[in-house]
Amino acid sequence: MQTNFSLAQLADPHVAESEKILRACVHCGFCTATCPTYVTLGNELDSPRGRIYLIKDMLENGRAADKETVTHIDRCLSCLSCMTTCPSGVNYMHLVDHARVHIEQTYRRPLADRTIRALLAFVLPHPARFRAALRLAKLGKPFVGLFNSMPALKPLAAMLALAPASVPASSPVSKPGRHAPQVKPNGRVALLTGCAQSVLEPGINEATISLLTRLGVEVVIPEGEGCCGALVHHMGREKDALAAARRNVDAWTRQIEQGGLDAIVITASGCGTTIKDYGFMLRLDPAYAEKAKTVSALAKDVTEYLATLELPKPMVEPGVVVAYHSACSMQHGQKIVRQPKELLAKAGFTVREPREGHLCCGSAGTYNILQPEISARLRDRKVRNIEETGADIVATGNIGCITQIASAARMPVVHTVKLLDWAYGGERPAGV
């Protein structure tokens, strides 16, 4: 794609990076076939190619974002399916991230939208606040219908509808500490406990520690670790995202210096995609650029790390048919496709893949709150395809997908690591 940025504009490293990405696009349109919003809405501006034109026009002319551009960028799930499809290697992720920062800096959203986004940024990355908010949500549940009837408050209705009926107790594994290997030592890793996941489903991290320590891996929860920053990063709140990244880089660097790490294990694939991008996000910070690059290189999804270990023979024979849902952040963001399915099959599960597995379930961080109608259509399409497999349960590697699919599916939705932990001697997951 031809661009016409001035030398003054290209002096900005963010603009220069985006210009390089724009030039890689050859207008082929392959991305439209796999873009969930284009497939759902049929609008060229709701495809990656259409959004690229909007972003180019906005950045090239150095203008503030307008309502039309914001509408179509907001509808992007950041599922990154377009990057899997693109034959030219266009890094759409970095381009749309830059566009969101520009929108946040130059566009004044309506009051209700600003308020809900500020609330999400204030609550979700902080487990204590999130736990308190979920308990308070019970008081708002009766008003879901009322809020749904008011367009500006539909995100609030979606937020309340997604809130679980009960909140699990806080898990001890969410606190900083060391979990010793139960057999001959076979590695040392740090585990990201996460923010929303540690509140909604602490059993995921418990199962991870249970499984890894039985395999001889020492697991540490570093002091000072927190939210990966993905939630605010995708809302264009780059100052908050970079602060979260620096805090985690510091926490993991201390562990690297004190005892070394074989990996930073992540059990939420949405977090994994962001942490693996810390090297890029902090590339302009001389105090953090190298440390962030090291952290990104160590980041591994739990299934990615387990695939490097020599696993014993399973201790139980599950005899269960599993529909494996590959989260977008797993298959498109991190290009992890083979390992989860192979691990499940090796553990004794019969694995089936749903039709249209490349399409997003509609969760996408806060998307199912901020874009509830599109999200619901994608969720229902995903659930239909999953149920057509005839599987007993759904396995996936991202808490957002678990929450989204479970809100409509008639079968249990379980994190992959909980099934693996069960097969290798851990507890049977609830509902399975």
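In table form, for the structure just shown:
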| quantity | calculated |
| --- | --- |
| Hz values of 3J(HN,Hα) by residue in the range 197-214 - Karplus curve (6.51, -1.76, 1.60), Gly and Pro given as x | 5, 5, 8, 6, 8, x, x, 5, 5, 4, 5, 5, 5, 4, 5, 5, 5, 5 |
| Nonlocal amide H pairs with Val322, under 5 Å, H built at 1.01 Å | Thr350, Val351, Arg352, Asp392 |
| The range 36-56-the range 369-420 distance, computed between alpha-carbon centres (Å) | 25 |
| On Cα atoms only, tilt of 111-123 relative to the major axis of the chain in degrees | 30 |
| MRE, 222 nm, helices only [DSSP H, n ≥ 4, -39500 (n - 2.57), over the chain, to nearest 500] | -14500 deg cm²/dmol |
| For Asp301, distant residues with modelled amide H under 5 Å away | Ile266 |
| Additional length obtainable on full extension of the chain from Cys28 to Asp285, 0.36 nm per residue less Cα span | 89.0 nm |
| Phi-based couplings in Hz for the range 330-344 (Karplus 6.51, -1.76, 1.60; Gly and Pro marked x) | 7, 7, 9, x, 10, 6, 9, 10, 7, 4, x, 5, 5, 5, 5 |
| Cross-link pairs beyond the 22 Å C-alpha cut-off, checked among Lys56/Lys293; Lys184/Lys335; Lys138/Lys239; Lys56/Lys382; Lys313/Lys418; Lys239/Lys293 | Lys56/Lys293; Lys184/Lys335; Lys138/Lys239; Lys56/Lys382 |
| Ranked by how many other beta carbons lie within 10 Å on average, peptides 206-213, 309-316 from highest | 206-213, 309-316 |
| Cα gyration tensor shape for the range 320-395, rounded if a/c is under 1.5, else prolate or oblate | oblate |
| Highest to lowest packing among 361-367, 157-163, 68-74, 136-142, scored as the average C-beta count within 10 Å | 361-367, 157-163, 68-74, 136-142 |
| Selection from Ala263, Pro222, Pro172 lying farthest towards where the dipole of the range 170-294 points positive, charges on Cβ | Ala263 |
| Centre separation in Å (Cα based) which lies between the range 278-292 and the range 178-194 | 27 |
| The chain: angle of helix 238-259 to the longest principal axis, Cα-based, in degrees nearest 10 | 30 |
| Those Cys residues of the chain for which no other cysteine Cβ falls under 4.7 Å | Cys25, Cys28, Cys35, Cys76, Cys86, Cys361, Cys401 |
| Between 0 and 90°, nearest 10: helix 48-60 axis offset from the chain longest Cα axis | 50 |
| For the range 1-83, size of Cβ-based charge dipole, Lys and Arg +1, Asp and Glu -1, in debye | 140 |
| Size of electric dipole in the range 286-350: Cβ of Lys, Arg +1 and of Asp, Glu -1, about Cα centre, debye, nearest 20 | 140 |
| Candidate residues Arg129, Arg428, Arg63: accessible-area rank, largest first, probe 1.4 Å | Arg428, Arg129, Arg63 |
| 13 Å cut-off, amide nitrogen to a point 7 angstrom out along Lys175 Cα→Cβ, residues in the range 122-151 | none |
| Percent of Cα pairs exceeding the 39 Å cut-off, where the set is the chain | 17 |
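The values are calculated or read from the model by the stated rules, or taken from the named source; none is laboratory data. Because the structure is a prediction, the values reported are computed rather than measured. Backbone-built Cβ (ideal geometry, glycine too); neighbour counts: all protein chains shown. Ligands, DNA and RNA are excluded from the accessible area calculation, which covers all protein heavy atoms including side chains. Shrake-Rupley method; radii C 1.70, N 1.55, O 1.52, S 1.80 Å.
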